[in-house]
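Where a number appears in this text, it was derived from the coordinates with a stated rule and is not lab data. Fair warning: this is a prediction, and the values are worked out from it, not measured in the lab. Positions of Cβ are backbone-derived with ideal geometry, glycine not excepted, and every protein chain shown enters the neighbour counts.
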Amino acid sequence: MTNATGNDTEYVYDYLYDASIYEKGDLLYYILYPILVPVGVIGNSISFVILIQLSQSSSFFLYLSILSLSDLAFIIVGAMIGWIEVLGNNLFYEDISSFLCSARYTLVFVFSQFSSWIIVAVTVDRFIAVCFPFKVTEYCTRRRTVMTSLLLFLIIFGINFPNICFKWENDKCVYPEITFEYCLQYSIMIDLMVYFVVPVCLICVLNIITLRMLYSALLRRRRLVNRNRKKNDSDGTKSADEDSTKQTISMLFVVSGVYVITSLPMAYGSMLAWMEGAQYNTDADTYLVNVILELSNTINHSANFILYGISGSTFRQKLFQMLRICQSRQGDGKNSSVIRSTNTASTSADDRNRSEDIANIDVKDVQLQTL
């Protein structure tokens with residue numbers, strides 16, 4: 001329930017309880033969240049470690065490492081705490097203030113929208129690499145990547161900042177009148193535009209142009225190969241560069257495609273809520289739908305690790321290399337422990353032999369003295 005200063009209107013959301021449907025919604029939490037949350041936390045953490053190493057050679061991987069951090073933050077702030085809430089029967093919200101609850105609600109919007117725009121930034125980065133290859137060294141740099149990501153985060157945080165409530169009276173948030181109008185009438189529409197509509201339009205347009213340029217370049221390359229069958233070393237270098245570009249483009253298409261598909265349900269739900277407006281009532285059926293929407297959004301932020309492994313050979317090679325290093329370190333640790341135990345055993349045996357020799361010498365000395 002929300003009140004504005006000088007406004008007596010109360011927006012109350014009635015829940016028409018149907019135990020069976022609510023149990024179905026909670027069952028989805030119990031079954032799917034124990035899978036999605038660990039996969040999202042572990043997968044995004046591993047992805048960040050790998051991608052930050054690969055980012056030394058390409059701004060593309062630096063964008064993906066930032067995307068992994070954003071997805072990880074969303075999983076922790078949104079999905080993990082939501083899962084704890086269901087398991088603990090609102091235990092989490094009983095232990096925190098209303099301000100922190102409002103801040104957590106706002107951060108869920110911030111990180112979800114930030115992830116969307118990082119995908120847009122990655123798409124622009126690959127668009128420049130394919131369509132304007134001579135501009136790559138100027139625009140596709142690590143410094144520009146960091147500055148662009150920071151600017152996007154600040155803008156998105158500023159857009160969602162009015163959703164944070166700083167004043168509460170009797171468990172009701174008291175907003176200033178301007179903020180009150182913004183939060184109740186325009187926040188859903190703004191989230192729909194920032195999270196889905198504008199990013200999806202940009203991603204689709206840029207990917208279509210990039211795909212068309214790649215197809216044209218492929219046709220030109222085939223014509224050149226048909227004219228001259230003998231390839232020199234420079235041609236081999238160009239072919240390797242083209243293969244690397246195709247791999248990054250394929251990874252981009254897979255990630256952006258899954259983002260669009262998994263974001264459609266959430267966009268549909270936001271559109272319905274916007275059309276219903278403030279008179280929107282929540283019943284048990286709507287609760288089940290909301291659970292499904294949240295799960296689809298969580299899949300969007302949890303599945304990138306799997307997508308990187310499927311579509312990126314460079315990512316797979318780096319992952320396998322890390323696994324081999326971990327295994328070799330574990331093997332070295334076991335061998336060193338065995339060597340240390342062997343050395344300890346041999347040392348103790350030598351000490352015992354020395355002590356026995358010293359004892360024998362002492363006995364001989366005593367016998368000689370008695371004689």
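Observations
- For residue 168, distant residues with modelled amide H under 5 Å away: 174
- Here each label is just a point 7 Å from Cα along the line to Cβ, and for residue 220 and residue 155 those points are 3.1 nm apart.
- Using θ = phi - 60° and Karplus 6.51 cos²θ - 1.76 cosθ + 1.60, couplings along the stretch 134-145 (whole Hz; Gly, Pro as x): 6, 9, 4, 5, 8, 9, 9, 10, 5, 5, 5, 5
- Karplus 3J(HN,Hα) series, Hz, for the stretch 210-223 with 6.51 cos²θ - 1.76 cosθ + 1.60 (x for Gly, Pro): 4, 5, 5, 5, 5, 5, 5, 5, 5, 5, 5, 5, 5, 5
- Working from label points 7 Å from Cα in the Cα-to-Cβ sense, the residue 99 to residue 213 distance is 4.8 nm.
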